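K.L.:
Here you go, one structure.
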Amino acid sequence: MRYFGIIGQGVRNIIESFILWINNTKNLKYSQMARNIVMIFCVIFIYELVKHLVLFEALTISIKLLIGTIFTFAFIILLIMERNNEALRKETRTDEIIEAVKRGIDAEKEKDKAISQERYDKTSEIEDKARSLTKSLITSLNAEVATCELLHNTDVWDGGVHCRYYDEAYSSTKEGVFFDARTYQRMPTSIFPIVSYIEKRDYVYLPAKELKKIDMAYTKAIEENGYKYLAMKFMRRSNGKPLGILTCSWRDTNGEFMPSEEVIKKRMKITAAKLEAILDLEN
(Lines give C-alpha, C1' and ligand atoms only; values in the text may rest on other atoms or scores of the structure.)
Protein backbone atom coordinates (compact mmCIF):
# COMPACT_ATOMS: atom_id res chain seq x y z
CA MET A 1 0.00 0.00 0.00
CA ARG A 2 2.84 2.33 0.84
CA TYR A 3 4.36 1.62 -2.60
CA PHE A 4 1.10 2.60 -4.35
CA GLY A 5 0.91 5.76 -2.23
CA ILE A 6 4.37 6.80 -3.38
CA ILE A 7 3.41 6.11 -6.99
CA GLY A 8 0.19 8.09 -6.57
CA GLN A 9 2.09 11.05 -5.11
CA GLY A 10 4.55 10.88 -7.98
CA VAL A 11 1.74 10.90 -10.52
CA ARG A 12 0.18 13.92 -8.84
CA ASN A 13 3.51 15.73 -8.90
CA ILE A 14 3.85 14.92 -12.58
CA ILE A 15 0.37 16.24 -13.35
CA GLU A 16 0.89 19.40 -11.28
CA SER A 17 4.24 20.10 -12.92
CA PHE A 18 2.74 19.55 -16.37
CA ILE A 19 -0.18 21.90 -15.62
CA LEU A 20 2.24 24.49 -14.26
CA TRP A 21 4.35 24.15 -17.39
CA ILE A 22 1.27 24.67 -19.58
CA ASN A 23 0.35 27.82 -17.61
CA ASN A 24 3.90 29.15 -17.74
CA THR A 25 4.03 28.82 -21.50
CA LYS A 26 1.63 31.77 -21.68
CA ASN A 27 4.34 34.04 -20.26
CA LEU A 28 7.31 32.55 -22.09
CA LYS A 29 9.26 34.49 -24.64
CA TYR A 30 9.46 33.11 -28.19
CA SER A 31 13.04 31.93 -27.63
CA GLN A 32 12.03 30.03 -24.46
CA MET A 33 9.03 28.43 -26.18
CA ALA A 34 11.22 27.33 -29.08
CA ARG A 35 13.75 25.81 -26.67
CA ASN A 36 11.03 23.82 -24.88
CA ILE A 37 9.58 22.55 -28.15
CA VAL A 38 13.02 21.42 -29.31
CA MET A 39 13.55 19.70 -25.96
CA ILE A 40 10.24 17.81 -26.32
CA PHE A 41 11.09 16.65 -29.84
CA CYS A 42 14.52 15.50 -28.66
CA VAL A 43 12.95 13.40 -25.91
CA ILE A 44 10.46 11.88 -28.36
CA PHE A 45 13.18 11.26 -30.92
CA ILE A 46 15.46 9.50 -28.45
CA TYR A 47 12.58 7.44 -27.11
CA GLU A 48 11.52 6.33 -30.62
CA LEU A 49 15.12 5.66 -31.57
CA VAL A 50 15.70 3.45 -28.57
CA LYS A 51 12.35 1.73 -29.02
CA HIS A 52 13.29 0.49 -32.48
CA LEU A 53 16.68 -0.81 -31.56
CA VAL A 54 17.13 -4.56 -31.71
CA LEU A 55 18.21 -4.71 -28.12
CA PHE A 56 15.16 -2.73 -27.10
CA GLU A 57 12.89 -5.26 -28.80
CA ALA A 58 14.33 -7.97 -26.59
CA LEU A 59 13.55 -6.10 -23.41
CA THR A 60 10.58 -7.00 -21.31
CA ILE A 61 7.58 -4.74 -20.99
CA SER A 62 8.65 -3.82 -17.42
CA ILE A 63 12.06 -2.66 -18.60
CA LYS A 64 10.47 -0.69 -21.40
CA LEU A 65 8.12 0.98 -18.95
CA LEU A 66 11.07 1.73 -16.69
CA ILE A 67 12.96 3.40 -19.54
CA GLY A 68 9.88 5.40 -20.49
CA THR A 69 9.42 6.44 -16.89
CA ILE A 70 13.06 7.54 -16.68
CA PHE A 71 12.63 9.70 -19.77
CA THR A 72 9.41 11.12 -18.40
CA PHE A 73 10.99 12.01 -15.06
CA ALA A 74 14.00 13.47 -16.85
CA PHE A 75 11.64 15.68 -18.83
CA ILE A 76 9.81 16.76 -15.66
CA ILE A 77 13.11 17.52 -13.92
CA LEU A 78 14.07 19.71 -16.86
CA LEU A 79 10.73 21.51 -16.54
CA ILE A 80 11.24 22.05 -12.81
CA MET A 81 14.77 23.32 -13.40
CA GLU A 82 13.43 25.71 -16.02
CA ARG A 83 10.77 26.92 -13.59
CA ASN A 84 13.37 27.47 -10.87
CA ASN A 85 15.63 29.29 -13.30
CA GLU A 86 12.73 31.50 -14.36
CA ALA A 87 11.93 32.24 -10.70
CA LEU A 88 15.57 33.12 -10.13
CA ARG A 89 15.55 35.39 -13.18
CA LYS A 90 12.40 37.10 -11.92
CA GLU A 91 13.97 37.57 -8.49
CA THR A 92 17.07 39.00 -10.13
CA ARG A 93 14.98 41.36 -12.23
CA THR A 94 13.06 42.44 -9.11
CA ASP A 95 16.32 43.16 -7.30
CA GLU A 96 17.56 45.12 -10.30
CA ILE A 97 14.33 47.15 -10.41
CA ILE A 98 14.52 47.88 -6.67
CA GLU A 99 18.15 48.91 -7.02
CA ALA A 100 17.29 51.14 -9.99
CA VAL A 101 14.49 52.78 -8.00
CA LYS A 102 16.87 53.38 -5.08
CA ARG A 103 19.41 54.93 -7.42
CA GLY A 104 16.68 57.12 -8.88
CA ILE A 105 15.57 58.27 -5.42
CA ASP A 106 19.15 59.01 -4.39
CA ALA A 107 19.70 60.94 -7.61
CA GLU A 108 16.56 63.01 -6.97
CA LYS A 109 17.73 63.73 -3.41
CA GLU A 110 21.10 64.87 -4.69
CA LYS A 111 19.39 66.99 -7.33
CA ASP A 112 17.10 68.60 -4.73
CA LYS A 113 20.09 69.21 -2.47
CA ALA A 114 21.99 70.89 -5.30
CA ILE A 115 18.98 73.06 -6.18
CA SER A 116 18.54 74.05 -2.53
CA GLN A 117 22.21 75.00 -2.27
CA GLU A 118 22.02 76.97 -5.49
CA ARG A 119 19.02 78.92 -4.18
CA TYR A 120 20.73 79.52 -0.87
CA ASP A 121 23.74 80.94 -2.68
CA LYS A 122 21.43 83.48 -4.34
CA THR A 123 19.99 84.72 -1.02
CA SER A 124 22.15 87.81 -0.64
CA GLU A 125 21.61 88.81 -4.26
CA ILE A 126 17.84 88.38 -3.94
CA GLU A 127 17.73 90.39 -0.70
CA ASP A 128 19.63 93.28 -2.28
CA LYS A 129 17.41 93.32 -5.38
CA ALA A 130 14.17 93.11 -3.38
CA ARG A 131 15.18 95.92 -1.00
CA SER A 132 16.30 98.01 -3.97
CA LEU A 133 12.85 97.64 -5.54
CA THR A 134 10.98 98.60 -2.37
CA LYS A 135 13.35 101.56 -1.90
CA SER A 136 12.70 102.68 -5.46
CA LEU A 137 8.97 102.49 -4.77
CA ILE A 138 9.39 104.77 -1.74
CA THR A 139 11.09 107.35 -3.93
CA SER A 140 8.73 107.17 -6.91
CA LEU A 141 5.51 107.21 -4.83
CA ASN A 142 6.70 109.44 -1.97
CA ALA A 143 5.55 106.78 0.51
CA GLU A 144 6.70 106.31 4.10
CA VAL A 145 6.93 102.52 4.04
CA ALA A 146 7.06 99.89 1.29
CA THR A 147 7.02 96.23 2.31
CA CYS A 148 7.16 92.88 0.56
CA GLU A 149 5.22 90.33 2.59
CA LEU A 150 5.80 86.70 1.66
CA LEU A 151 3.36 83.88 2.37
CA HIS A 152 4.37 80.51 3.73
CA ASN A 153 2.72 77.37 5.08
CA THR A 154 4.30 75.56 8.00
CA ASP A 155 1.46 74.18 10.13
CA VAL A 156 -1.61 72.00 9.72
CA TRP A 157 -4.45 72.14 12.20
CA ASP A 158 -6.35 69.09 13.41
CA GLY A 159 -8.74 68.18 10.65
CA GLY A 160 -6.23 68.91 7.91
CA VAL A 161 -6.79 72.65 7.45
CA HIS A 162 -3.54 74.46 6.69
CA CYS A 163 -2.49 77.48 8.73
CA ARG A 164 -0.99 80.07 6.40
CA TYR A 165 1.37 82.82 7.56
CA TYR A 166 3.04 85.89 6.14
CA ASP A 167 6.33 87.55 7.01
CA GLU A 168 7.51 91.08 6.37
CA ALA A 169 10.42 89.85 4.27
CA TYR A 170 11.80 92.96 2.57
CA SER A 171 10.97 96.51 3.59
CA SER A 172 12.19 100.05 2.98
CA THR A 173 11.29 103.32 4.67
CA LYS A 174 11.55 106.98 3.93
CA GLU A 175 14.43 108.74 5.62
CA GLY A 176 13.60 109.46 9.25
CA VAL A 177 10.76 106.87 9.37
CA PHE A 178 11.11 103.84 11.62
CA PHE A 179 9.41 100.55 10.80
CA ASP A 180 10.15 97.44 12.85
CA ALA A 181 9.56 94.50 10.51
CA ARG A 182 10.43 92.07 13.32
CA THR A 183 7.00 92.63 14.88
CA TYR A 184 5.32 91.35 11.71
CA GLN A 185 6.77 87.86 11.41
CA ARG A 186 4.79 84.63 11.23
CA MET A 187 1.46 86.44 11.17
CA PRO A 188 -1.50 84.03 10.64
CA THR A 189 -3.51 85.13 7.62
CA SER A 190 -6.62 83.67 9.29
CA ILE A 191 -6.80 86.64 11.69
CA PHE A 192 -6.33 89.27 8.95
CA PRO A 193 -9.25 89.25 6.46
CA ILE A 194 -7.42 91.83 4.34
CA VAL A 195 -5.16 89.06 2.98
CA SER A 196 -7.96 87.02 1.38
CA TYR A 197 -9.65 90.30 0.36
CA ILE A 198 -6.64 91.48 -1.63
CA GLU A 199 -6.00 87.96 -3.00
CA LYS A 200 -9.43 87.98 -4.64
CA ARG A 201 -9.10 91.54 -6.02
CA ASP A 202 -5.40 91.55 -6.96
CA TYR A 203 -5.00 95.28 -6.16
CA VAL A 204 -6.61 97.76 -3.75
CA TYR A 205 -6.06 101.34 -2.68
CA LEU A 206 -7.80 102.22 0.56
CA PRO A 207 -7.93 105.06 3.08
CA ALA A 208 -7.78 103.73 6.63
CA LYS A 209 -11.44 104.62 7.27
CA GLU A 210 -12.51 102.26 4.47
CA LEU A 211 -10.05 99.59 5.56
CA LYS A 212 -11.87 99.40 8.91
CA LYS A 213 -14.87 97.86 7.14
CA ILE A 214 -12.69 94.99 5.94
CA ASP A 215 -10.16 94.34 8.69
CA MET A 216 -10.24 96.14 12.06
CA ALA A 217 -7.13 94.40 13.41
CA TYR A 218 -5.02 95.35 10.41
CA THR A 219 -6.38 98.90 10.44
CA LYS A 220 -5.42 99.31 14.11
CA ALA A 221 -1.91 98.05 13.37
CA ILE A 222 -1.26 100.64 10.65
CA GLU A 223 -3.01 103.50 12.46
CA GLU A 224 -0.82 102.97 15.52
CA ASN A 225 2.08 103.92 13.26
CA GLY A 226 0.24 106.94 11.89
CA TYR A 227 -0.57 105.57 8.41
CA LYS A 228 -3.80 106.71 6.81
CA TYR A 229 -3.55 105.45 3.25
CA LEU A 230 -2.70 102.01 1.95
CA ALA A 231 -2.06 100.44 -1.47
CA MET A 232 -1.67 96.66 -1.81
CA LYS A 233 -0.81 94.48 -4.81
CA PHE A 234 -1.11 90.70 -4.58
CA MET A 235 1.84 88.77 -6.04
CA ARG A 236 1.69 85.35 -7.63
CA ARG A 237 4.12 82.74 -8.85
CA SER A 238 4.39 81.83 -12.53
CA ASN A 239 1.96 78.94 -11.96
CA GLY A 240 -0.65 81.29 -10.49
CA LYS A 241 -0.19 80.20 -6.88
CA PRO A 242 0.09 82.86 -4.13
CA LEU A 243 3.49 84.39 -3.45
CA GLY A 244 2.94 87.44 -1.27
CA ILE A 245 1.76 91.06 -1.06
CA LEU A 246 3.47 94.33 -1.97
CA THR A 247 2.29 97.14 0.31
CA CYS A 248 2.83 100.91 0.36
CA SER A 249 1.72 103.15 3.22
CA TRP A 250 1.34 106.92 3.57
CA ARG A 251 0.81 109.08 6.65
CA ASP A 252 -1.92 111.67 6.86
CA THR A 253 0.57 114.55 6.92
CA ASN A 254 1.95 113.36 3.63
CA GLY A 255 -1.38 113.04 1.84
CA GLU A 256 -1.02 116.21 -0.21
CA PHE A 257 2.20 114.91 -1.74
CA MET A 258 0.79 111.55 -2.80
CA PRO A 259 0.68 110.71 -6.52
CA SER A 260 -2.64 110.00 -8.20
CA GLU A 261 -4.28 106.62 -7.68
CA GLU A 262 -3.59 105.79 -11.33
CA VAL A 263 0.15 106.42 -10.92
CA ILE A 264 0.26 104.45 -7.66
CA LYS A 265 -1.47 101.46 -9.26
CA LYS A 266 0.83 101.49 -12.29
CA ARG A 267 4.03 101.69 -10.22
CA MET A 268 2.81 99.02 -7.80
CA LYS A 269 2.08 96.60 -10.64
CA ILE A 270 5.46 97.17 -12.29
CA THR A 271 7.36 96.67 -9.03
CA ALA A 272 5.28 93.62 -8.08
CA ALA A 273 6.06 91.98 -11.45
CA LYS A 274 9.79 92.50 -10.90
CA LEU A 275 9.57 91.05 -7.39
CA GLU A 276 7.65 88.03 -8.71
CA ALA A 277 10.43 87.36 -11.23
CA ILE A 278 13.09 87.56 -8.49
CA LEU A 279 11.29 85.61 -5.76
CA ASP A 280 9.75 82.77 -7.76
CA LEU A 281 12.70 80.38 -7.96
CA GLU A 282 10.56 77.47 -9.15
CA ASN A 283 9.49 79.02 -12.44
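K.L.:
Search the stretch 158-213 for residues being of a type in the set (Val, Ile, Thr) and in a strand (DSSP E or B), and hand back the single one that is modelled with the highest pLDDT.
P.N.:
Filtering first and then ranking leaves VAL204.
K.L.:
Would you say ASN239 is surrounded by 14 or more Cβ atoms within 10 Å (Cβ to Cβ), assigned to a loop (DSSP other than H, G, I, E, B) and in contact (Cβ under 8 Å) with a residue 24 or more places away in the chain?
P.N.:
Against the criterion (surrounded by 14 or more Cβ atoms within 10 Å (Cβ to Cβ), assigned to a loop (DSSP other than H, G, I, E, B) and in contact (Cβ under 8 Å) with a residue 24 or more places away in the chain), ASN239 does not qualify.
K.L.:
Oh, and also: From the set of residues in the stretch 270-282 that are over 12 Å from CYS248 (Cα atoms) and in contact (Cβ under 8 Å) with a residue 12 or more places away in the chain, which is surrounded by the most Cβ atoms within 10 Å (Cβ to Cβ)?
P.N.:
LEU275
K.L.:
Among (1) without any contact (Cβ under 8 Å) to a residue 60 or more places away in the chain; (2) over 24 Å from the mean Cα position of the chain (by Cα), where does LEU141 come up short?
P.N.:
(1)
K.L.:
What are the residues in the stretch 120-142 that are crowded, with 17+ Cβ neighbours inside 10 Å and modelled with pLDDT under 90, if any?
P.N.:
Matches in the stretch 120-142: none.
K.L.:
Tell me the residue from ASP128, ASP112 that is without any contact (Cβ under 8 Å) to a residue 40 or more places away in the chain, assigned to a helix (DSSP H, G or I) and assigned by TED's automatic domain parsing to the domain that holds SER171, please.
P.N.:
On the way: ASP112 fails: assigned by TED's automatic domain parsing to the domain that holds SER171.
Among ASP128, ASP112, only ASP128 is without any contact (Cβ under 8 Å) to a residue 40 or more places away in the chain, assigned to a helix (DSSP H, G or I) and assigned by TED's automatic domain parsing to the domain that holds SER171.
The values are calculated or read from the model by the stated rules, or taken from the named source; none is laboratory data. Just so you know, these numbers come straight off a predicted model, no measurement behind them. Neighbour counts run over all protein chains shown; Cβ positions are idealised from the backbone, glycine included.
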